[in-house]
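For reference, the structure is listed below as structure tokens.
Just so it is clear, none of the values below were taken in a lab; they were calculated from the coordinates. A quick note: this is a predicted structure, and the numbers were derived from the prediction, not measured. Counting neighbours? That spans all protein chains shown, and the Cβs are built from the backbone with ideal geometry, glycine included.
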Ligand code: ADP
Ligand code: MG
């Protein structure tokens, strides 16, 4: 949808675009079902450079949805980089002393929080680098390494593109809830927020697109009072000399992120967090993404699709359907291998299909096999090793998630193998 729109956008002049957007808004008005026990109101509009839609059910659906629309136009005007008098344009023109709308202060704080959480993989200050690639003008080019190095070292211009729609979805959800709406689905250019369940009962279902076949869904999520946001390299890109350059940049290099992921979907109660994290985790890659998830399991869940097609979902995801090979990662299945107190490897027991070995120094070899991890060999030089045979995930029958809760410890060589989340 976005790609198409951006094409259209380049073809159309600005007034024509406005007209098209107005026509779109006029065409899609209220739908009222008099005979049903609920009222449905749907609207579609264009803001934040994308198509947005709301379907709300209940008494005040129409007025509440109009209020949401108005609010989103307001936020767009505040943060749009195309609007020379927006707060962000003021900041980017060097007016650090500019008096900002409290809402701008708030989203900037949220952006900083996601930046900290992702160790800078999400960074709203990459504007200059993204501009150099032509992602705003549509005049694409490959900048030189020197140019990128210089631009990312500045970090003096802001682009809220990776978090604004998520923030807007939280605002929209709050407005609808305040108006007494207990069933609605909001879609702000792929940033989805589900309020309550479907009007007739049951959870909302939302598809996660297959990055390798965009006409297909690979997982269907069941959502209730949750946001779901996907970031993928396929969303916006250009090709030059046979290479593909997409719009999610690694803030450390200024180049398109290349961490082995085709897409990241984040499910969370917070649309802001889901949006920011989907971008940041795409930059970080699978291992770091799962690590962050383990530390913040209460905050979000993930669907990770790797470039080789592997799909990993975390245990909190409720799904209505899926196609292809899917691995669910449970936090309890994570084993850490430590050497001198530092984690040197993280094994996801549920995701191991082929055995492999991890060298832990001084002849210590840890074998990670499907369903278990054990010490294959330990060279403890005549000293006593404290070993346990293996760490194994308990089966459902015994009703114990962990088998061998005691860690494997090789004291002389300072190797520890342990469950990350043992009770
Ligand atoms: P989209 O908004 O296209 O759905 P994202 O939420 O992933 O996708 O945001 C991508 C946009 O955010 C880019 O178009 C760019 O403007 C900006 N951006 C790119 N890389 C980063 C990054 N590492 N951190 C923060 N913002 C980024
Ligand atoms: Mg994002």
Relative contact order (%) - criterion: Cα under 8 Å, at least six apart; region: the stretch 107-146: 22 percent
Relative to the first principal axis of the alpha-carbon coordinates of the chain, what is the inclination of helix 145-154, with its axis defined by its Cα atoms, in degrees from 0 to 90 and to the nearest 10? 80 degrees
With n ≥ 4 as the cut-off for DSSP H runs, can you work out [θ] at 222 nm for the chain, using -39500 (n - 2.57) per run divided by the number of residues, rounded to the nearest 500? -9000 deg cm²/dmol
With contacts defined as alpha carbon pairs under 8 Å and 6 or more residues apart, what's the relative contact order of the chain in percent? 10 percent
Extension gain from residue 240 to residue 325, taking 0.36 nm per residue of separation minus the Cα-Cα distance: 27.3 nm
The chain: angle of helix 2-11 to the longest principal axis, Cα-based, in degrees nearest 10: 40 degrees
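Could you sort 273-286, 192-205, 117-130 so that the peptide with the highest average Cβ count within 10 Å comes first and the rest follow in order?
Working: 273-286: 27.1, 192-205: 18.4, 117-130: 21.9.
Sorting 273-286, 192-205, 117-130 by mean packing, highest first, produces 273-286, 117-130, 192-205.
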Per-peptide average of other Cβ atoms within 10 Å, ordering 149-155, 252-258 highest first: 252-258, 149-155
Go through 216-226, 322-332 and give me the packing order, highest mean Cβ count within 10 Å leading. 216-226, 322-332
From the Cα centre of the stretch 264-329 to that of the stretch 98-150, the distance in Å is 23 Å
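From the alpha carbon gyration tensor of the chain, can you work out the equivalent ellipsoid semi-axes (sqrt of 5 times each eigenvalue) and give them in Å, largest to smallest?
Values: eigenvalues 370, 153, 69 Å².
Semi-axis lengths for the chain are 43, 28, 19 Å.
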So how tilted is helix 164-178 from the main axis of the chain? Cα-based, degrees 0 to 90, rounded to 10. 70 degrees
7 Å from Cα along Cα→Cβ at both residue 356 and residue 155: what's the point-to-point distance in nm? 3.2 nm
Taking springs between alpha-carbon atoms closer than 10 angstrom, which of 131, 59, 295 fluctuates most in the Gaussian network model of the chain? 295
